[in-house]
1. Considering only residues that are open to solvent by 50 Å² or more (accessible area, probe 1.4 Å) and either among the polar types (S, T, N, Q) or at pLDDT 95 or above (or both), which ones fall in the stretch 227-248?
2. If we keep just the residues of the stretch 85-116 that are of a type in the set (A, V, I, L, M) and in a loop (DSSP other than H, G, I, E, B), which is nearest to TYR307 (Cα to Cα)?
3. For the stretch 117-135, give me the residue count where each residue is farther than 18 Å from LYS89 by Cβ and either assigned to a strand (DSSP E or B) or among the hydrophobic types (A, V, I, L, M, F, W, C) (or both).
4. Quick one: which of LEU181, LEU189, LEU119, LEU146 is over 20 Å from VAL308 (Cβ atoms), touching a strand residue (DSSP E or B) at 6+ places or on another chain (Cβ under 9 Å) and either among the β-branched types (Val, Ile, Thr) or surrounded by 17 or more Cβ atoms within 10 Å (Cβ to Cβ) (or both)?
5. Scan the stretch 252-268 and tell me whether some residue there is of a type in the set (Lys, Arg), at pLDDT below 95, in contact with a Pro (Cβ under 8 Å, 6 or more places away or on another chain) and open to solvent by 20 Å² or more (accessible area, probe 1.4 Å).
6. Looking at the stretch 221-290, what strands (runs of 3 or more DSSP E) fall wholly within it and have at least 3 residues that are touching a helix residue (DSSP H, G or I) at 6+ places or on another chain (Cβ under 8 Å) and within 22 Å of ARG109 (Cα to Cα)?
7. Could you say which residue among ASP257, ASP264, ASP274 is of a type outside the set (Val, Ile, Thr) and without any contact (Cβ under 8 Å) to a residue 12 or more places away in the chain?
8. Yes or no: TYR135 modelled with pLDDT of 90 or more, surrounded by 15 or more Cβ atoms within 10 Å (Cβ to Cβ), under 15 Å from SER303 (Cβ atoms) and under 34 Å from the mean Cα position of the chain (by Cα)?
Amino acid sequence: MNKINRCSSHFARPLTNSLRGISSRGHGFSNSFRREFSSNSANANRYFLNSSITRTLLIGVVSICIFNVANVSTQPKVKLEAPVESPAKDNFTDDARRIDKSIDPFPYRISVAGSPFSLFGLGMRTVSFLRINVYAVGIYIAEDDLAKVRTCIKEIPENDSDLETMLTDPVMGKKLFRRMLDDGVRFSLRIVPVRNTDFGHLRDGFIRSIMAKSKNEDVDLNEGIAQLRTVFSRKRVVPKNGELRLSTNTASTLCCDYYSKPGDPAEFLGSVEDKSVTTALLLHYITAPQAASEQAQKSFVTSLARYVSY
């Protein structure tokens, strides 16, 4: 019996110790499991929180996009208009604008003081009985003033006659174009030499033209001629294909600009404020008889009559 008890004790102690070990390890496992569970719960909470913020941001972005699309769809559509062509587009063909092979073609449109001017007359200036070509001249009118031109012509009582005939008539033509200048119509003469010349030769030619156009008028041209001499007082060569531009403003002041070659910036030479001189010089190019360039004067009258008749 004692042996049996000793034997039982021998087996019972290891089993008890084993159970204690399991219990101890079980307690450790329980703590480890709780720590892991707590850690995972925290991570789950952070993930859920981040997911909520992401969803909120996504919803906001989508809402903004939908609003912008709806807003754009309700905005009025802007219609892009094509640039308006020059009224002189039908006056001259490309070949006609290339009046001399030694110079560039004359443009349909130029800009003077920021305003567009359209080509209405084009021809060659010749001198002496040998008919030597000196320069080509283009006669331009400010596009913003074309309505005034039309009104001036339509209001003349004698406009029942042929329009070109009326514009070419020495008396009627001069009367009409004087009225245009009085009404503030702006003109520009674009002069391009076909051979090298200089300011002195051009100036002397302008003065002779002014004196010839004003010989039967009782006007004092001295002050205006002096202003013109001052503008062209510098000794300067004007090369072939250079450009001299004589433009009137609304007050009939003649503004003179020089371009030594195409594409160069303008050099302002000065101005002539005497209206009598400005008018006489301009009339020498646009009225008959004995215009500075009969070719330019005739094409100017034809183009102007065509425009007014539209």
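1. Listed by number, the residues that qualify are ARG229, THR230, SER233, LYS240.
2. Per the stated criteria, the residue is ALA88.
3. 11
4. The match here is LEU189.
5. For the stretch 252-268, residues of a type in the set (Lys, Arg), at pLDDT below 95, in contact with a Pro (Cβ under 8 Å, 6 or more places away or on another chain) and open to solvent by 20 Å² or more (accessible area, probe 1.4 Å): present.
6. Per the criteria, 243-248.
7. ASP264
8. no
The values are calculated or read from the model by the stated rules, or taken from the named source; none is laboratory data. What you are looking at is a predicted structure, and each value in this text was computed from that prediction instead of being measured. We place every Cβ from the backbone using ideal geometry, glycine too, and count neighbours over all the protein chains shown. Remember, those area values only see protein heavy atoms, side chains included, never the ligands or the DNA or RNA. Shrake-Rupley method; radii C 1.70, N 1.55, O 1.52, S 1.80 Å.
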